Amino acid sequence: IQDLLDKAKRYYRAFGRLMLHALLTDHPISSSALPSFFRNVIFRGCGPENDDYDHSDLLQHINEIGFQYSGNIKEHFLGQPLSLHLGEGFSHDLITNESFFEVVLPEMLVNSRKNAVDAITEGLTLDGHI
């Protein structure tokens, strides 16, 4: 499994370098290649738990990446135990409006994709050199 993870990281890092090249040469980056949600996370360092990420924009952006349920997505989670959606290791506390944005979304959308996001960021910054 580690070999597969390493291979995937190389692909994500290459994707980051392609994006860097596009930025440096004034080529546009398609929103389907890097949706608004991940542009905020990668370029601004602004995840769902960040107060600078407007909640209405955030809800629209996560819908764009396919994170959707019938009806209001936030209402789908409110009042349910954290552990139900995030698994063992999370409390049985009920999801509130605050924990939805500060715990549920970061865990489901950013932390679960940490290797990919980190590898894209490495590619974009040439391993932190720029």
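The values are calculated or read from the model by the stated rules, or taken from the named source; none is laboratory data. This structure is a prediction, so every number in the text was calculated from the model and none was measured. Note that each Cβ is placed from the backbone with ideal geometry, even for glycine, and that neighbours are counted across all protein chains shown. Keep in mind that these areas ignore ligands, DNA and RNA; they rest on the heavy atoms of the full protein, side chains included. Shrake-Rupley method; radii C 1.70, N 1.55, O 1.52, S 1.80 Å.
The table below lists the values:
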{"read-out": "Any chance residue 123 is small (Gly, Ala, Ser), out of contact with any Ser or Thr (no Cβ under 9 Å at 6 or more places or on another chain), open to solvent by less than 30 Å² (accessible area, probe 1.4 Å) and not in a helix (DSSP H, G or I)", "value": "no"}
{"read-out": "Residues of region 50-68 satisfying the condition of being in a loop (DSSP other than H, G, I, E, B), more than 17 Å from residue 112 (Cβ to Cβ), open to solvent by 30 Å² or more (accessible area, probe 1.4 Å) and not acidic (Asp, Glu)", "value": "50"}
{"read-out": "Residue count, region 92-117 (criterion: open to solvent by 60 Å² or more (accessible area, probe 1.4 Å) and touching a residue at least 24 places away in the same chain (Cβ under 8 Å))", "value": "2"}
{"read-out": "Unique residue being open to solvent by 50 Å² or more (accessible area, probe 1.4 Å) and outside any helix (DSSP H, G or I) when the list is 89, 47, 79", "value": "89"}
{"read-out": "Within region 1-44, tally of residues that are part of a helix (DSSP H, G or I), open to solvent by 50 Å² or more (accessible area, probe 1.4 Å) and β-branched (Val, Ile, Thr)", "value": "0"}
